[in-house]
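The values are calculated or read from the model by the stated rules, or taken from the named source; none is laboratory data. Since we're looking at a predicted model, the values are computed, not measured. For neighbour counting, all protein chains shown are included, and Cβ atoms are generated from backbone atoms with ideal geometry for every residue, glycine included.
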Amino acid sequence: MIELQTARPFFEDKPELLQEILGRYPDYGRRSALMPLLWEVQRAERYVSEARIAEIADILDLTATEVRGVMSFYSTYHGEPVGRYHLQVCATLSCKLAGADQLTDYLEDTLGLVPGETDAEGRFSLQKVECLGSCTTAPVLQVNDTYYERVGRADVDALLAAMKEDVLPEPARVRAGDNERYGPAAPAGEEDA
Ligand code: FES
């Protein structure tokens, strides 16, 4: 992606926000502000461009490589733009056992995407991620910052339909033992239609 080198620095017009974030840490721990600074950029722009990486590195007296190193460790941060609705399927054991692979297959077929891709419209992107920390409500689908738990095929259909209308539904709060909305996760091919 070509970036304008003249892009206005992200924090140029946000001095109070920058100071508030830097002020959370002692001078000797200034580099601890890296993740919140990345997060502010990502939240606003949906990814962290090379220009923003350089800006943050400069603020924290780090190298761009060090910033990229942290970004690459966390699936949270994106070096390329993702869709307006970034669908992240947990691919770790509990979710796998509860049908995450089938969920991913269904999303791939329905959206015509493979993990790592964004559609031409920029609406949907798909990613496999590691444990989202909600293993008792597997399988888990995270859309942007929102968790959808015990997701079945009918839930995916309803979610995608809503997102095509630019609505992100409130998630049902589903916990083990009190799941009345979805019922137990069904194996591949036997899910709700
Ligand atoms: S294994 Fe999927 S949330 Fe933990």
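Rundown of residues vs (1) more than 16 Å from the ligand (Cβ to nearest atom); (2) among the hydroxyl-bearing types (Ser, Thr, Tyr); (3) more than 13 Å from the chain's Cα centre (by Cα); (4) within 27 Å of LEU22 (Cβ to Cβ), yes/no style:
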residue	(1), (2), (3), (4)
GLN42	yes, no, no, yes
ILE56	yes, no, yes, yes
THR63	yes, yes, yes, yes
MET71	yes, no, no, yes
HIS78	yes, no, no, yes
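Among what's in segment 87-128 and is aliphatic (A, V, I, L, M) and not in a helix (DSSP H, G or I), pick the residue that is farthest from TYR77 (Cα to Cα).
ALA98
Check off (1) surrounded by 12 or more Cβ atoms within 10 Å (Cβ to Cβ); (2) at pLDDT 95 or above; (3) farther than 15 Å from HIS86 by Cβ for ASP109 and give me the number that stays unchecked.
With (1) surrounded by 12 or more Cβ atoms within 10 Å (Cβ to Cβ); (2) at pLDDT 95 or above; (3) farther than 15 Å from HIS86 by Cβ applied to ASP109, the lone miss is (1).
Check whether at least one residue in segment 128-136 is modelled with pLDDT of 95 or more, farther than 16 Å from LEU103 by Cα and either more than 11 Å from the ligand (Cβ to nearest atom) or of a type in the set (D, E, K, R) (or both), and report yes or no.
no
Condition check ((1) closer than 22 Å to GLY122 by Cα; (2) assigned by TED's automatic domain parsing to the domain that holds THR118; (3) outside any helix (DSSP H, G or I)) across all residues:
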position	(1), (2), (3)
TYR28	no, no, no
ALA33	no, no, no
PRO36	no, no, no
TRP39	yes, no, no
ALA44	yes, no, no
VAL48	yes, no, yes
GLU55	no, no, no
ILE59	no, no, no
GLY69	no, no, no
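Taking the conditions exactly as written (within 9 Å of the ligand (Cβ to nearest atom), closer than 21 Å to TYR47 by Cβ and not assigned by TED's automatic domain parsing to the domain that holds TYR47), does LEU107 satisfy them or not?
no
I want to confirm something. Restricting to segment 80-101 and keeping residues that are surrounded by 15 or more Cβ atoms within 10 Å (Cβ to Cβ) and either farther than 18 Å from PRO115 by Cα or aliphatic (A, V, I, L, M) (or both), which single residue is nearest to the ligand (Cβ to nearest atom)?
The qualifying residue nearest to the ligand (Cβ to nearest atom) is SER94.
Restricting the search to segment 129-159, which residues are in contact (Cβ under 8 Å) with a residue 40 or more places away in the chain, part of a strand (DSSP E or B) and more than 12 Å from CYS95 (Cβ to Cβ)?
Hit for segment 129-159 is VAL143, nothing else.
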